[in-house]
Each structure stands twice: as structure tokens, then as C-alpha cells.
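The values are calculated or read from the model by the stated rules, or taken from the named source; none is laboratory data. Computed from a prediction, not measured in an experiment: that's the story for all the values here. Methodologically, a virtual Cβ is constructed for each residue, glycine included, from the backbone with ideal geometry; neighbour enumeration extends over all protein chains shown.
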């Protein structure tokens, strides 16, 4: 059995190489009742599905990274703004034409004000980017 | 891609009696899985080591088909490989052809296959030489020049002879029915 293993294994490898070669594979598939073109189309379809899935994942990742980078920029911008002693929120809201659901700014704490401003700048930067892309 | 399907079909049909194995996979699924693995870069392909087609056939498809064989068959394969090592005191497998599975483990009668091949190459001097070079000597089918030198065969005769030899192999392996796995 020992030597038989090696010999038959070698022969089987050669058989596999032969039937799956450029010259033989088409007739081999046909002989076994398969349409080679149909199989290849199925394979290509599968490959395209995976490529589309990969492209979509890449795009999602790109946008997530872009959004994270814009949010960071917005946070830095707000930080700079709030650390300026001359900064006046009411004037700023009027100047930037920020639409507020409530007008009593004095009742809001710093975190709330910060969140409003960060959202405002995030939207602003996103719009700037869209304009540039047009 | 056509070659991958042919490879997968040839291997699958020699190992399973059914069109779908116990994992619910057909030969086509192994090709699709290989394509997916490659596109997702999960197959660790290194172009410097081997051509893509060879890599997908032997490193991805064959490995996956063998990995999905029932545990009992894999155990038998291990035992056969170990006993062969002890008998021959040689490394049984080439590093370049991974995931090799002894056909004995899936119920092939090795001696009968050899007998069939021997009978079919008899009376053809070139085929006989190729058979001796590969099965009795240490040559591989790819050692064209070495076999020609060692067995005094003209290269063009070797090319014709190996074509006939491959046709013989195809006939023999196509005709052989396996005894072992139901899927």
C-alpha cells in the first residue's frame, strides 16, 4: 500500500492537471453534463457581487472617516471660538443665521451650547465640501 | 475560471458519490468560495510563489474540499500517511502540492488503478517509459527533458506520448467508481 499511495497519487495529480487545463477543461465539463459558459457566467456574476459589496464597504468606510475628520475640525473650531473672550453667542447665532427652536440661550449649559455649535459647523463644513465637489 | 470548475469537479467527483456533500456544498460552491476568499484577500496569495490558477486550485479549492471530508476519512488519511512514512522512510508529500489526500482513504483500490493504467500503457514504448519514469523512478511529469535523457526519448515523441498517457489517465479515473463517501 505504501508505494501504491505515491504512484496513484502522482497519477491522480496529473489527471487533475490535465482535465483542468486550458485544452481540456471545456470538453471535460461538457462530458460531465455541464455547460462551461453557464458555469463561467455564474462565477463572473458571483465575483461581481463580491466586488460590489467590497466597493460599497469601501465607500461607507470613506464617508465614516470623512465625517469623523469633519467633526474633529468642527470641535476644534468651536473650542477656538469659545475660548475667545470676545465671543458672544447671541450675536454669533444671528450672524450665522442659526435656526434655534428656543431663544433663551442663558438657560443652556456650556455642553449644550457646544453641541449646537459643533453640529452647526459640521453641517457647514459638509456643505462646503459638497460645493467644492460640484 | 473554467479550469477551476473542471478541477473542482474532477476532485469532487472522485471523493463523493453525490452531487452535494454532507456540508451541503457542490463542486461549484468550492470555486465560488475560492473566488470570494481571493477577492476578500483571505487566501494569502503570494504572486511570487505560484501562479494564481495553481494557487486557487491546490491551495484553496483542494484544501477546502479535503477539509470538508468526514472526520473518519481524514483520520484514515492521517494513519495511511504515517504508515507510509514509516515504510518508506521518506517524506510522502511535496511542499508544493499541499493538502494531498491519499485516495485509499476514500475507498479507492490503489492496486487496481495501477493495474488498469499499466494495462493501457502496455505495448506503447513511450507511454511505458513515462510510466516507469514517474511511478518507478523519481521523476515528475514536468521533468520532460530529464525523462527524455534518461529513457532516450525524442522530445517530440515525449510530447505525443504524454498526450496519450493523459488520455489514459482520464479514462481510468473517469471509469473508477468510489466505494467510500455518500456525501
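Among the residues of region B:16-31, how many are away from chain A (no Cβ under 12 Å) and crowded, with 17+ Cβ neighbours inside 10 Å?
Adding up the residues that qualify gives 3.
Given (1) farther than 30 Å from residue B:28 by Cβ; (2) surrounded by fewer than 21 Cβ atoms within 10 Å (Cβ to Cβ); (3) modelled with pLDDT of 90 or more, identify the lone condition not met by residue B:122.
Answer for residue B:122: the failing condition is (3).
Can residue B:112 be described as more than 8 Å from chain A (Cβ to nearest Cβ), part of a helix (DSSP H, G or I), modelled with pLDDT under 85 and loosely packed, with under 15 Cβ neighbours inside 10 Å?
In short, yes.
Hey, does region A:66-87 have a residue that's facing another protein chain (nearest Cβ under 7 Å), more than 30 Å from residue B:143 (Cβ to Cβ) and surrounded by 12 or more Cβ atoms within 10 Å (Cβ to Cβ)?
We begin by selecting, within region A:66-87, every residue facing another protein chain (nearest Cβ under 7 Å); these are none.
Scanning region A:66-87, I find no residue that is facing another protein chain (nearest Cβ under 7 Å), more than 30 Å from residue B:143 (Cβ to Cβ) and surrounded by 12 or more Cβ atoms within 10 Å (Cβ to Cβ), so the answer is no.
Please pick out the residue among B:6, B:48, B:34 that is over 22 Å from residue B:173 (Cα atoms), within 11 Å of chain A (Cβ to nearest Cβ) and modelled with pLDDT of 85 or more.
Being over 22 Å from residue B:173 (Cα atoms), within 11 Å of chain A (Cβ to nearest Cβ) and modelled with pLDDT of 85 or more holds for just one of B:6, B:48, B:34, which is B:34.
Answer yes or no: is there a residue in region A:17-37 that is more than 7 Å from every other protein chain (Cβ to nearest Cβ), buried (at least 18 other Cβ atoms within 10 Å of the Cβ), touching a helix residue (DSSP H, G or I) at 6+ places or on another chain (Cβ under 6 Å) and over 28 Å from residue B:34 (Cα atoms).
Checking region A:17-37: not a single residue is more than 7 Å from every other protein chain (Cβ to nearest Cβ), buried (at least 18 other Cβ atoms within 10 Å of the Cβ), touching a helix residue (DSSP H, G or I) at 6+ places or on another chain (Cβ under 6 Å) and over 28 Å from residue B:34 (Cα atoms).
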